[in-house]
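What follows is a short report on a single structure.
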Amino acid sequence: MPPAGSRRLSATGYVEWVLGDLRGKAAPHVVTAIDLRAIALFAENAYNAEFAGRTAFFHTDDASRSVTGDRTEFIGRNGTLRRPAAMMRSTLSGRVGGALDPCAAIQVAFSLDDGQEREIVFRLGAGRDRDDAAQLLGRARGADAARASLEAVWHYWSHTLGAINVDTPDTALNTLANGWLLCQTLSCRLWGGAASTSPGARSGSATSCRT
């Protein structure tokens, strides 16, 4: 039993793999695996004409994790991401492989006493192959490394997008024009349709530019 004042909680990271141009077309070819060297969920699509050798990964450092690569298990039959079946369970099954509706889900269970804090970092990315993906994860372990990588991305996009600034009476339009719209134009149009052909991933809760 946890001590008085302690709460048992969990943090869950969830990704729906694309690994191609359209998820519906690519999903039957996506194969997931648990890589024991990197202790991460890997995903590959050997039928992706542009990036057949790439390996995508999802990972957390926390040892008290459980995982699944099966979207049907995570959401549940006729379920939705608003109320996924996995939230009603204590652990995930560890099911990975082919012939699944592919996803990557990692659930970390932990206890917090009064006044305690806990930082849990999920990492999502892709390498040229499995070895490269494992090496990338090796360099990114720890909260400090993850924070430094994120700040480098923020700095890059702030510098790139800051070259043009649109100022209108509409705050929402300013946010769209100075951020997401330019990101989409650069990555999806000027840089060779990167978002439609990259081994990217779509998160059920994130809104971001896929590059």
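List of remarks:
- Residues in region 150-157 carry Karplus couplings, in order, of 5, 5, 5, 5, 4, 5, 4, 6 Hz; the curve used is 6.51 cos²θ - 1.76 cosθ + 1.60 with θ = phi - 60°, and Gly or Pro positions show x.
- Solvent exposure of region 1-40 amounts to 57 Å² per residue of accessible area, where only protein heavy atoms count and the probe is 1.4 Å.
- Derived scalar couplings ³J(HN,Hα) [region 22-27; Karplus, 6.51 cos²θ - 1.76 cosθ + 1.60; whole Hz; x for Gly, Pro]: 10, 4, x, 7, 7, 3
- Sorting Trp154, Trp180 on solvent-accessible area from highest to lowest, probe radius 1.4 Å, gives Trp154, Trp180.
- When the Cα positions of Ala43, Gly24, Gly5 are compared along the charge dipole of region 1-46, Gly5 comes out farthest toward the positive end, with charges on each C-beta of Lys, Arg, Asp and Glu.
- Dipole magnitude of region 1-104, debye to nearest 20 (Cβ charges: Lys/Arg +1, Asp/Glu -1, about Cα centre): 480 debye
- Cleavage-rule hits (GluC sites (Glu not before Pro)) in region 83-175: DSSP loop, at most 11 neighbouring Cβ within 10 angstrom: Glu117, Glu119
- Accessible surface of Val31 - all protein chains present, 1.4 Å probe, nearest 10 Å²: 70 Å²
- Here, P(r) means the percent of Cα pairs in each 10 Å bin from 0 to the largest distance; for region 1-151 it is 11, 37, 34, 15, 3, 0.
- In nm, spacing of pseudo-spin labels at Ala143 and Ala172 (7 Å Cα→C-beta vector): 3.6 nm
- Share of carbon and sulfur in the accessible area of region 1-151 stands at 50%, probe radius 1.4 Å.
The values are calculated or read from the model by the stated rules, or taken from the named source; none is laboratory data. Quick caveat, the model's predicted, so the values are computed rather than measured. Neighbour counts run over all protein chains shown; Cβ positions are idealised from the backbone, glycine included. Note: areas computed on protein heavy atoms with side chains; ligands, DNA, RNA excluded. Shrake-Rupley method; radii C 1.70, N 1.55, O 1.52, S 1.80 Å.
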